[in-house]
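Everything below concerns the one structure shown next.
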Amino acid sequence: MPYRSTEVLSPGTADKAPLHRVTLTHDQRHLRRKLLHLENEDVVMLDLKEPVMLADGDLLVLEGGGYIEVKAAEEALYEIRPRDRLHLVELAWHLGNRHLPAAIEEGRILIARDPVIRAMLEGLGATVSEVVESFHPLRGAYHGTGGGHHGHGHHHHHG
């Protein structure tokens, strides 16, 4: 019988250590209902009321007690280095205009690898290199539970 979870807690809010962990890529962490395979081969049925974007360290609350910790998997990414702060803002605008998930940090931006986007960024004067690390993009306005927008760049127009 698989575990079942209908609730997610933020890191540091659990009263005891997690029983197991599940490692997921950025795309795999956007979900509502899914069978998740744990590192120990157990399975958890995640069944949430609304789609969520799970973050590294989030805890899935198990029915019957206990927690499963969510870990962000290492992924093949591009590290984008701007000339200066203003250039970083310009590059972030171009990525946001294409609804691309991006982790924007002081001095760099991380995105999923895409050769077409790489060529655009290099054309804009950015230094782009390949890295492998966990991916924590900003949660855009189209994430979350309100406004009828769910998923990555898939707009549902109502009315």
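The values are calculated or read from the model by the stated rules, or taken from the named source; none is laboratory data. Predicted model, so just to flag it, every value in this text is computed and none were measured. Counting neighbours? That spans all protein chains shown, and the Cβs are built from the backbone with ideal geometry, glycine included.
Screening the candidates Leu31, Leu88 for the property of being over 15 Å from the mean Cα position of the chain (by Cα) and under 30 Å from Arg118 (Cβ atoms) yields one hit, Leu88.
The number of residues in segment 93-108 that are surrounded by fewer than 17 Cβ atoms within 10 Å (Cβ to Cβ) and assigned to a loop (DSSP other than H, G, I, E, B) comes to 4. Just one of the numbered conditions (1) in contact with a His (Cβ under 8 Å, 6 or more places away or on another chain); (2) on the phi > 0 side of the Ramachandran plot is not true of Gly66: (1).
The condition (being at pLDDT 95 or above and on the phi < 0 side of the Ramachandran plot) is satisfied by just one residue among Glu90, Glu39: Glu90. Taken together, the residues in segment 109-129 that are part of a helix (DSSP H, G or I) and crowded, with 17+ Cβ neighbours inside 10 Å amount to 3. All told, Ile68 falls short of being more than 19 Å from Pro2 (Cβ to Cβ), touching a strand residue (DSSP E or B) at 6+ places or on another chain (Cβ under 9 Å) and of a type in the set (Val, Ile, Thr).
When the test is whether a residue is farther than 30 Å from Asp15 by Cα and modelled with pLDDT of 95 or more, Arg98 does not pass it.
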